[in-house]
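In what follows, a structure is listed as structure tokens, so that the remarks can point back to it.
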Amino acid sequence: MNMKSLLLVTTIALAAPAAFAQMNHGSHAGHAMADAPAKSASPSEGTVRKIDKAAGKITIAHGPLENLSMPAMTMAFRASEAAVLDKLKVGDKIRFVAERVDGTFGVKQVEIVN
């Protein structure tokens, strides 16, 4: 192997990992990074406004969701388990953990605090 070939092989060997990392990073650009909570999932409080058992959803008027960096509002969440909807009624004050998975907001660990 001559000196030019050795230099070319060495350059490619040193540049390949950086190029691969750049390509790999770019391939994740379309993924929703907000799905992974930036903060630990601490419980939030809210009031049940609507229950839609057929859709598996619950509408909650809630305070700020710190783990999702969301302000207080009223919104629908997917219930992590159908049984959660059976134990709740409109007007219940609850403590819950909100999460975002694959772009869908959901609730888990729901506890009535009336």
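Scanning the range 87-99 for any residue that is touching a residue at least 24 places away in the same chain (Cβ under 8 Å), part of a strand (DSSP E or B), more than 14 Å from Pro43 (Cα to Cα) and basic (Lys, Arg) turns up nothing. Selection within the range 58-73: residues that are over 16 Å from the mean Cα position of the chain (by Cα) and in contact (Cβ under 8 Å) with a residue 24 or more places away in the chain. The member of this set that is nearest to Asp92 (Cα to Cα) is Ile60. Counting only residues that are open to solvent by 40 Å² or more (accessible area, probe 1.4 Å) and part of a strand (DSSP E or B), the range 42-52 holds 5 of them.
Pick from the range 74-86 the residues that are assigned to a helix (DSSP H, G or I) and open to solvent by 30 Å² or more (accessible area, probe 1.4 Å): which of them is nearest to Asn114 (Cα to Cα)?
Asp86
Under the condition of being touching a helix residue (DSSP H, G or I) at 6+ places or on another chain (Cβ under 9 Å) and either surrounded by fewer than 12 Cβ atoms within 10 Å (Cβ to Cβ) or more than 10 Å from Ile60 (Cβ to Cβ) (or both), the residues counted in the range 87-103 number 6.
Do we have any residue at all in the range 53-73 that's modelled with pLDDT of 95 or more, loosely packed, with under 11 Cβ neighbours inside 10 Å, in contact with a Leu (Cβ under 9 Å, 6 or more places away or on another chain) and not aliphatic (A, V, I, L, M)? Yes: one or more hits.
The values are calculated or read from the model by the stated rules, or taken from the named source; none is laboratory data. What you see is a predicted model; the values in this text were computed from it and never measured. Note that each Cβ is placed from the backbone with ideal geometry, even for glycine, and that neighbours are counted across all protein chains shown. Ligands, DNA and RNA are stripped out before the accessible areas are found, and what is left, the full protein with its side chains, is counted by its heavy atoms. Shrake-Rupley method; radii C 1.70, N 1.55, O 1.52, S 1.80 Å.
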